[in-house]
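Enquirer: Structure provided below as structure tokens; questions to follow.
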Amino acid sequence: MRQTLLPYGRQSLTDEDVRAVVDVLRSDWITTGPQVEAFELAFAETVQARHAVSFSSGTAALHAAAFAAGLGPGDEAVTTPLTFCATANAVLYQGATPVFADVSPDTLTLDAVAVESRVGPATKAILPVDYAGHAADLDALLALAARRKLIVIEDACHALGGRDRGRPIGSISHMTAFSFHPVKHVTTGEGGMVTTGDPALAERLRLFRNHGIDRSARERQGGQLWQYDMRVLGYNYRLSDIGCALGRTQLARLPDNLRRRREIAARYDAGLRGLPGLRLPMVRPGVEHAWHLYPIRCDRTVTSAGRDEILRALRAEGIGANVHYAPVHLHSYYRERFGYRPGHCPIAEDVSANEISLPLFPGMTDSDVEDVLSAVTKVFGYWSA
Ligand SMILES: *Cc1c(COP(=O)(O)O)cnc(C)c1O
């Protein structure tokens, strides 16, 4: 048994990252300076998007996308309950109403048929989530969006580096949001990004992250004396040069990061296939998974213990497995405000009750991976006998 708890996710930082941050600290600009544009350009190139706009968090990125999409009071946006609450909260920040549709039981991403059944006259946007790093059913959702004149804001906080039918995540939807929280593929400490192919949306995203003011401090220094104009109500959602410098060196290692994540997922697939009592994640043909999470599901027709008991046993073995997620509509805020009850999205609720995310991050050693396999084999063997 392990002496120390293996976390489910963890940042990978190198001396090169440290040097990049220290160089910025010694330079003239520590916030909105040259690193911001350099990071945005590198990011746009990585995901083959025309525009990339950085933000102070993934949540701020989602909020800005909800603003740029024009969401406001009286509007609805359809999203998945199997996500971090920030996806749906972004809709609420704009005074609009999130509407939850169920997920498909294989990929655990929004079911396009379920989405269509929740689209009504007030619907303005769809917010799919690339759960665990597996692309949502983007072509079906974009076709539905085209028919009903909706905007697709893809929450790709799990899916940097993933692809769908050859296209990089970040180049497909009207807007795509990413997070640079330490457990994600690339970290800036806190940070986020929105990519889009539409210059008008990019302009609105840039306005929103800087108080709705149409000039950066740098441009003002070059040209005008002191004037600036606030055109819309925005926020200070800027990502600093310190963060962007870190983002650039992190992004340069994304291919290595993805390779290691895929190696670990393949080892889990091989080591756990056929084990009674658990279901492994599936990958739809044409999808290149980014493997932010490796979500297994307890099969309650086989296991004599519930998920929480299994999770507790894994923790006792030193395996810091986790759960993604509690269904958003069943958090007390959503229940109290909207009156949601269990049964609203039965598949997502069932997944949520039985899911376990195994540790998965590029810094895991082969022996960490073997520790996870033996603990899972032991624990499921005990309760599936
Ligand atoms: C991490 C995450 C967010 C929020 O990103 P932050 O950078 O933590 O604000 C939103 N949605 C999903 C699916 C996430 O995993």
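Enquirer: Find all pairs meeting these conditions: Cβ atoms under 6 angstrom apart; at least six residues apart or on different chains; first residue within segment 74-100 and over 13 Å from HIS344 (Cα atoms); second residue of a type in the set (Asp, Glu) and away from the ligand (no atom under 12 Å from the Cβ).
Expert: What qualifies is ALA96/ASP75; THR97/GLU76.
Enquirer: A follow-up question, please. Just one of (1) more than 13 Å from ALA177 (Cβ to Cβ); (2) in contact with a strand residue (DSSP E or B) (Cβ under 8 Å, 6 or more places away or on another chain); (3) aliphatic (A, V, I, L, M) trips up ALA64, so point out which.
Expert: (1) is the only condition that ALA64 fails.
Enquirer: Can you give me the ranges of the helices (runs of 4 or more DSSP H) entirely in segment 332-385 with at least 3 residues that are more than 24 Å from the chain's Cα centre (by Cα) and buried (at least 16 other Cβ atoms within 10 Å of the Cβ)? Give the steps one after another, and end with the answer.
Expert: On the way: elements: 332-338, 346-354, 366-383.
Fully inside segment 332-385 and qualifying: 366-383.
Enquirer: Would you pick out the residues in segment 169-178 that are surrounded by 24 or more Cβ atoms within 10 Å (Cβ to Cβ) and more than 11 Å from the ligand (Cβ to nearest atom)?
Expert: Within segment 169-178, ILE169, GLY170, ILE172, SER173, MET175, THR176 meet the criteria.
Enquirer: Consider GLN94 carefully, then state whether it is within 16 Å of the ligand (Cβ to nearest atom) and surrounded by fewer than 24 Cβ atoms within 10 Å (Cβ to Cβ).
Expert: Details: within 16 Å of the ligand (Cβ to nearest atom): yes; surrounded by fewer than 24 Cβ atoms within 10 Å (Cβ to Cβ): yes.
Judged against the criteria, GLN94 is a match.
Enquirer: Determine which single condition ALA136 fails, assuming it passes every other condition in (1) within 14 Å of the ligand (Cβ to nearest atom); (2) assigned to a loop (DSSP other than H, G, I, E, B); (3) within 19 Å of THR188 (Cα to Cα).
Expert: Of the numbered conditions (1) within 14 Å of the ligand (Cβ to nearest atom); (2) assigned to a loop (DSSP other than H, G, I, E, B); (3) within 19 Å of THR188 (Cα to Cα), the odd one out for ALA136 is (3).
Enquirer: Of the residues ASP164, ASP137, ASP130, only one is over 18 Å from THR46 (Cβ atoms) and among the acidic types (Asp, Glu); which?
Expert: ASP137
Enquirer: Give the residues of segment 192-213 that are more than 12 Å from the chain's Cα centre (by Cα) and within 16 Å of the ligand (Cβ to nearest atom), sorted by residue number. Walk me through it before giving the result.
Expert: Keep residues of segment 192-213 that are more than 12 Å from the chain's Cα centre (by Cα), which gives 195-213.
Those that are more than 12 Å from the chain's Cα centre (by Cα) and within 16 Å of the ligand (Cβ to nearest atom): THR195, LEU205, PHE208, ARG209.
Enquirer: May I pose another question? Looking for something assigned to a helix (DSSP H, G or I), touching a residue at least 12 places away in the same chain (Cβ under 8 Å) and more than 19 Å from the chain's Cα centre (by Cα) - is there at least one such residue anywhere in segment 158-165?
Expert: No, segment 158-165 contains no residue that is assigned to a helix (DSSP H, G or I), touching a residue at least 12 places away in the same chain (Cβ under 8 Å) and more than 19 Å from the chain's Cα centre (by Cα).
Enquirer: Among the residues of segment 176-189 satisfying the criterion of being among the aliphatic types (A, V, I, L, M) and under 15 Å from GLU40 (Cα atoms), which is nearest to the chain's Cα centre (by Cα)?
Expert: From segment 176-189, those among the aliphatic types (A, V, I, L, M) are 177, 183, 186; that's our starting set.
From what is left, the residues that are under 15 Å from GLU40 (Cα atoms) are 177, 186.
Working: ALA177: 7, VAL186: 11 Å.
It comes out as ALA177.
Enquirer: Additional query: Among the residues of segment 281-302, which ones are over 23 Å from GLY320 (Cβ atoms) and either touching a residue at least 60 places away in the same chain (Cβ under 8 Å) or among the β-branched types (Val, Ile, Thr) (or both)?
Expert: Matches in segment 281-302: MET282, VAL283, ARG284, GLY286, VAL287, GLU288, THR301, VAL302.
Read-outs: derived from the displayed coordinates by stated rules, not from any lab. These numbers were taken from a predicted model, which means no experiment stands behind them. Methodologically, a virtual Cβ is constructed for each residue, glycine included, from the backbone with ideal geometry; neighbour enumeration extends over all protein chains shown.
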